[in-house]
């Protein structure tokens, strides 16, 4: 890879600045692609972008930036997008710094800013070399999310269309699914969850180390992401149908996995809701989020039923004089386990009067029944 250091003024970089949303962000007399496919969305908050302007105003050096030279007179940013966009937005009048917009500055202040020189390495190389360099450079910066890296590797028409549904503030995926998915749109976490849900039903993704990446590889050259969007809608609508009464614990559950397993079942939603409400009030259920999977599957382990404390177990062991009530043999404390006399599933609670100490073998035999 050929690398050359250039010093380019803010005046040149902001000349021809355009933010066309999905159409791209341009600068440097429309010769610089500020947001190429492998770049993340703009994520700087007000404090961060004001810090960039403060650095420039004070005449302090900004960190070196990196551009890819496309060898046709155009460039694309490998590293420095957030700083570049911050500078362009300020000069374009999109935000103020210490209460002043760019046009409020004196002529001398404006010219001083436009004359400020940025250190930029311009690099020539193959697409794979640019992507690899991008990853290496960003190790020292704000860490890329796994999905941002996947978007870089599998960039194309499918990713661009998927981001339209899943990656923009106020996008369709956020509007219908914000109560069910944890994460930030702009960091591609809604998109990541949607692809994970879709990958469960994709044969090529099964048994793969990274099924999300595999799904993207299969669909990379699709014209659009309408299939992914359709699956996402079906999952969300299924959840709302099965559990029409929303609960905050529903957020962050892997609804896609449950959808593909149970979407064809006919549930009495009133009965399910009554069971959910009962379990929410049960102090022995420590994993409230697991309630929704439990009422569908009957898998009690999802509830993380409260365990007896060491003090309670020691008291029970002393009361029993170390004798296991099932086999009648004596055991050391470490050889025994706390057990619900009346199982939790039959209404027994995690209280001292419902505790017995069983030897490990008897406890296992009881659990296997």
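Can you pull out the residues in region 299-314 that are surrounded by 12 or more Cβ atoms within 10 Å (Cβ to Cβ) and either more than 16 Å from residue 332 (Cβ to Cβ) or under 28 Å from the mean Cα position of the chain (by Cα) (or both)?
Of region 299-314, the ones surrounded by 12 or more Cβ atoms within 10 Å (Cβ to Cβ) are 300, 302-309, 312-314.
Selection gives 300, 302, 303, 304, 305, 306, 307, 308, 309, 312.
If a residue must be assigned to a helix (DSSP H, G or I) and touching a residue at least 40 places away in the same chain (Cβ under 8 Å), how many such residues does region 344-359 contain? Show your work before the answer.
First, the residues of region 344-359 that are assigned to a helix (DSSP H, G or I): 344-346, 352-354.
If we keep only those that are touching a residue at least 40 places away in the same chain (Cβ under 8 Å) too, we end up with 344-345, 352.
Residues that pass the stated criteria total 3.
Filter region 334-350 down to residues that are exposed (fewer than 14 other Cβ atoms within 10 Å of the Cβ) and touching a helix residue (DSSP H, G or I) at 6+ places or on another chain (Cβ under 9 Å) and give me whichever is modelled with the lowest pLDDT.
345
Say whether the condition of being in a loop (DSSP other than H, G, I, E, B), surrounded by fewer than 17 Cβ atoms within 10 Å (Cβ to Cβ), under 13 Å from the mean Cα position of the chain (by Cα) and touching a residue at least 40 places away in the same chain (Cβ under 8 Å) is met by at least one residue in region 181-200. Before you say what the answer is, go through the steps one by one.
Step one: of region 181-200, the residues in a loop (DSSP other than H, G, I, E, B) are 181-184, 188, 200.
Those left that are additionally surrounded by fewer than 17 Cβ atoms within 10 Å (Cβ to Cβ): 182-184.
Narrowing further to those that are under 13 Å from the mean Cα position of the chain (by Cα): 182-184.
Now drop any that are not touching a residue at least 40 places away in the same chain (Cβ under 8 Å), which leaves 182.
Looking for residues that are in a loop (DSSP other than H, G, I, E, B), surrounded by fewer than 17 Cβ atoms within 10 Å (Cβ to Cβ), under 13 Å from the mean Cα position of the chain (by Cα) and touching a residue at least 40 places away in the same chain (Cβ under 8 Å), one finds at least one in region 181-200, hence yes.
Does region 216-223 contain any residue that is part of a helix (DSSP H, G or I), touching a residue at least 12 places away in the same chain (Cβ under 8 Å) and under 19 Å from residue 299 (Cα atoms)? Outline the logic, then answer.
As a first pass, look at region 216-223 and keep what is part of a helix (DSSP H, G or I): 216-219.
Within this subset, residues satisfying the condition of being touching a residue at least 12 places away in the same chain (Cβ under 8 Å) are 216-219.
If we keep only those that are under 19 Å from residue 299 (Cα atoms) too, we end up with none.
No, because not a single residue in region 216-223 is part of a helix (DSSP H, G or I), touching a residue at least 12 places away in the same chain (Cβ under 8 Å) and under 19 Å from residue 299 (Cα atoms).
Out of 248, 237, 266, which single residue is surrounded by 12 or more Cβ atoms within 10 Å (Cβ to Cβ) and at pLDDT 90 or above?
On the way: 248 fails: surrounded by 12 or more Cβ atoms within 10 Å (Cβ to Cβ); 266 fails: surrounded by 12 or more Cβ atoms within 10 Å (Cβ to Cβ).
Result of the check over 248, 237, 266: 237.
Find the residue count for region 135-152, including only residues that are at pLDDT 75 or above and surrounded by fewer than 20 Cβ atoms within 10 Å (Cβ to Cβ).
First, the residues of region 135-152 that are at pLDDT 75 or above: 145-151.
Within this subset, residues satisfying the condition of being surrounded by fewer than 20 Cβ atoms within 10 Å (Cβ to Cβ) are 145-146, 149.
Count: 3.
Restricting attention to region 333-343, does a residue exist that is outside the structural domain of residue 237 (by TED's automatic domain parsing), in contact (Cβ under 8 Å) with a residue 12 or more places away in the chain and part of a loop (DSSP other than H, G, I, E, B)? Working first, answer last.
To start, the set of residues in region 333-343 that are outside the structural domain of residue 237 (by TED's automatic domain parsing) comprises 333-343.
Retained after the next criterion (residues that are in contact (Cβ under 8 Å) with a residue 12 or more places away in the chain): 333, 335-342.
Within this subset, residues satisfying the condition of being part of a loop (DSSP other than H, G, I, E, B) are 341-342.
Yes: region 333-343 contains one or more residues that are outside the structural domain of residue 237 (by TED's automatic domain parsing), in contact (Cβ under 8 Å) with a residue 12 or more places away in the chain and part of a loop (DSSP other than H, G, I, E, B).
Quick check on region 49-62: of everything there that is loosely packed, with under 14 Cβ neighbours inside 10 Å and over 18 Å from residue 99 (Cβ atoms), which residue is farthest from the chain's Cα centre (by Cα)?
This residue is 59.
Would you mind stating whether residue 118 is assigned by TED's automatic domain parsing to the domain that holds residue 70, surrounded by 16 or more Cβ atoms within 10 Å (Cβ to Cβ), touching a helix residue (DSSP H, G or I) at 6+ places or on another chain (Cβ under 6 Å) and not in a loop (DSSP other than H, G, I, E, B)? Show your work before the answer.
Numbers: assigned by TED's automatic domain parsing to the domain that holds residue 70: yes; surrounded by 16 or more Cβ atoms within 10 Å (Cβ to Cβ): yes; touching a helix residue (DSSP H, G or I) at 6+ places or on another chain (Cβ under 6 Å): no; not in a loop (DSSP other than H, G, I, E, B): yes.
Answer is no for this residue.
The values are calculated or read from the model by the stated rules, or taken from the named source; none is laboratory data. Since the model is a prediction, treat every value here as computed from it, not as a measurement. Every residue, glycine as well, gets a Cβ built from its backbone with ideal geometry; the counts of neighbours run over all protein chains shown.
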